[in-house]
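The values are calculated or read from the model by the stated rules, or taken from the named source; none is laboratory data. This is a predicted model, so every value here is computed, not measured. As a convention, Cβ positions derive from the backbone with ideal geometry for all residues, glycine included, and neighbour counts pool all protein chains shown. The protein model used for the area step is the full one, side chains on, heavy atoms only, and it has no ligands, DNA or RNA in it. Shrake-Rupley method; radii C 1.70, N 1.55, O 1.52, S 1.80 Å.
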Amino acid sequence: LKKATFYALLALIWEAVFRLELWPPYLFPSPLQVTQALVSGIQDTTFLIGLAATIQRILIGYAVSLAFGFVLGFLIGRFKILDETLGSLIRGLQVLPSICWLPLSILWFGLSEQAIQFVVVMGAMLSIAIATDGGMRHIPPIYLRAAKTMGVKGLALYRRVIFPAALPSITTGMRLGWSFAWRSLMAGEIIFASVGLGHLLQMGRELHDMAQVMAVMLVIMGIGLLFDQLVFTQLEKRLERLWGTAAPT
């Protein structure tokens, strides 16, 4: 109820600003115009086709980011020499906006799907690696001492103690990586993709159709929030129940 009231209030403020006519309607459309653009894009399948292409790209790029991010984070957290060398490089590259990788990806892969995927991977992988490294680094030493006292060692130590203890931090990195992957993908699609939500944003800009631009933005926000609720929020709740840190109801 609180969320519904909040968003209804936002829509009323939006409509009020529209009626003030501070900007032309094609630059600042009303909520009704944006809704009509959204419905029209769904009915003629333009939005559905773009959404399908974007979802395919984000899932592939994010899966690759998870795989490489976990491995890099594990190696950095496990071996000190890698932390002092490769770890410092990763932390340095993390401060680069993902759009900075776009010129390199175009030069290396041309105007192709591989170029977009490269930008997505570089945008998400580094944050996942840093979070995995941080999770392993900040495990309470008492956990390790207790496990070794009970004879847990080798791979069992990682499977039963280290990985579960680092999982909350890894989950945070996964969530950040997801948001970075979305931003990287939109940047790539806006610049040179022939189909996708980013391409629809660019088409709306070129046609001065701000209603379409805002409608696509709502779709992007909706998909991101849906994935966040279905995956990361549920994973965090399971971790809270597992560790006994869930807030009392």
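Return the pairs, sorted by first residue and then second, in which the second residue is surrounded by fewer than 24 Cβ atoms within 10 Å (Cβ to Cβ) and at pLDDT below 85, the first residue lies in the stretch 118-140 and is on the phi < 0 side of the Ramachandran plot and among the basic types (Lys, Arg), the beta carbons are less than 7 Å apart, and the residues are 6+ apart or on different chains. Between residues of the stretch 118-140 that are on the phi < 0 side of the Ramachandran plot and among the basic types (Lys, Arg) and residues that are surrounded by fewer than 24 Cβ atoms within 10 Å (Cβ to Cβ) and at pLDDT below 85, the close pairs are 137/77. Pick out the one residue from 10, 22, 75 that is more than 16 Å from residue 180 (Cα to Cα) and part of a loop (DSSP other than H, G, I, E, B). Of 10, 22, 75, the one residue that is more than 16 Å from residue 180 (Cα to Cα) and part of a loop (DSSP other than H, G, I, E, B) is 22. For the stretch 8-31, the set of residues classified as of a type outside the set (S, T, N, Q) and touching a residue at least 12 places away in the same chain (Cβ under 8 Å) consists of 11, 14, 15, 18, 26, 27, 28, 29, 31, listed by residue number. Filtering the stretch 43-51 for residues that are touching a residue at least 40 places away in the same chain (Cβ under 8 Å) and part of a loop (DSSP other than H, G, I, E, B) leaves an empty set. Do the conditions hold for residue 187, that is, is it under 20 Å from the mean Cα position of the chain (by Cα), at pLDDT below 80 and surrounded by 18 or more Cβ atoms within 10 Å (Cβ to Cβ)? No; evaluated as a whole, the condition is false for this residue. Here is a list: 184, 179. Which entry is hydroxyl-bearing (Ser, Thr, Tyr), in contact (Cβ under 8 Å) with a residue 60 or more places away in the chain, assigned to a helix (DSSP H, G or I) and farther than 17 Å from residue 239 by Cα? Result: 184 is the single residue among 184, 179 that is hydroxyl-bearing (Ser, Thr, Tyr), in contact (Cβ under 8 Å) with a residue 60 or more places away in the chain, assigned to a helix (DSSP H, G or I) and farther than 17 Å from residue 239 by Cα.
The set of residues from the stretch 113-153 being within 19 Å of residue 166 (Cα to Cα), of a type in the set (Val, Ile, Thr) and open to solvent by 60 Å² or more (accessible area, probe 1.4 Å) comprises just one member, 142. Each residue in the stretch 61-81 was checked for being modelled with pLDDT of 80 or more and open to solvent by less than 50 Å² (accessible area, probe 1.4 Å), and 8 pass.
Annotation: residue 194 fulfils all but one of (1) hydroxyl-bearing (Ser, Thr, Tyr); (2) open to solvent by less than 60 Å² (accessible area, probe 1.4 Å); (3) under 29 Å from residue 45 (Cα atoms); the unmet one is (2).
Residues in the stretch 25-42 that are among the hydroxyl-bearing types (Ser, Thr, Tyr) and part of a helix (DSSP H, G or I) were compared, and the one that is least open to solvent (accessible area, probe 1.4 Å) is 40.
Yes or no, residue by residue, for (1) among the hydrophobic types (A, V, I, L, M, F, W, C); (2) under 28 Å from the mean Cα position of the chain (by Cα); (3) closer than 30 Å to residue 117 by Cα:
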| residue | (1), (2), (3) |
| --- | --- |
| 20 | yes, no, no |
| 23 | yes, no, no |
| 30 | no, no, no |
| 37 | yes, yes, yes |
| 50 | no, yes, yes |
| 54 | no, yes, yes |
| 57 | no, yes, yes |
| 60 | yes, yes, yes |
| 64 | yes, yes, yes |
